[in-house]
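Shown next, in structure tokens, is the structure this report addresses.
Only the coordinates and a few stated rules stand behind these numbers; no lab work does. As the structure is a computational prediction, the values presented were derived from the model and not from experiment. Glycine gets a Cβ as well: all are built from the backbone with ideal geometry, and neighbour counts include every protein chain shown.
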Amino acid sequence: MKNIDIERVHNLYNSGAYAENTSNWEDSTGLQRANALISALKGNVSNISTVLDIGCGSGGVLRQISASAPDHSDIFSDDLRLLGCDASCQAILLAKRSASDITNIEYREALAEDLNQTSQSFDLVLLIHVLEHVPDMLKLIHEASKMA
């Protein structure tokens with residue numbers, strides 16, 4: 001189920017075109033998305049210590065999770081580690097700048113397939129507003145499921 005090819009993905013998200021046509025990589029919705037996620041997790045899961053956000057953009061969701069985690073000790077562990085990955089070097093640069101003082105977040109320019117080869121696993125894998133941006137949605141879902 002190919003939507004767009006990988007070359008187009010890299011060109012679109014690294015050329016500046018996407019950033020010019022969105023408001024700060026849609027970072028302004030990070031608070032709403034993180035709050036909705038926390039509401040969905042409440043009462044359903046606990047002791048999450050690792051989170052991977054695939055297609056993290058400029059990192060707003062992970063920054064909000066990091067900031068909110070102490071108030072949600074029923075969901076997140078005290079040693080919470082957050083990793084965001086995105087195909088766009090521009091988005092990752094913004095994410096790193098915005099989280100430079102947050103010690104439990106790491107951002108990497110990478111595709112899910114790249115991370116999958118590291119044998120890392122995560123308690124929670126997020127695909128928030130990302131499926132329509134990838135060449136093969138089913139492949140991404142499969143790759144993400146192998147990391148959870």
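List of remarks:
- Subset of segment 108-148 (residues that are surrounded by 13 or more Cβ atoms within 10 Å (Cβ to Cβ), in contact with a helix residue (DSSP H, G or I) (Cβ under 7 Å, 6 or more places away or on another chain) and small (Gly, Ala, Ser)): Ala112, Ala144
- Single residue of segment 70-97 satisfying the filter (under 19 Å from Ala148 (Cβ atoms) and of a type in the set (Gly, Ala, Ser)) that is surrounded by the fewest Cβ atoms within 10 Å (Cβ to Cβ): Ser77
- Scanning segment 93-136 for residues that are free of Cβ contacts under 8 Å to residues at least 24 places away in the same chain and either in contact with a His (Cβ under 6 Å, 6 or more places away or on another chain) or among the aliphatic types (A, V, I, L, M) (or both) yields Leu93, Leu131.
- Inter-residue pairs, beta-carbon under 6 Å, first under 11 Å from Ala144 (Cα atoms) and in segment 44-56, second buried (at least 23 other Cβ atoms within 10 Å of the Cβ) and among the small types (Gly, Ala, Ser), 6+ apart: Asp53/Gly84; Ile54/Ala112
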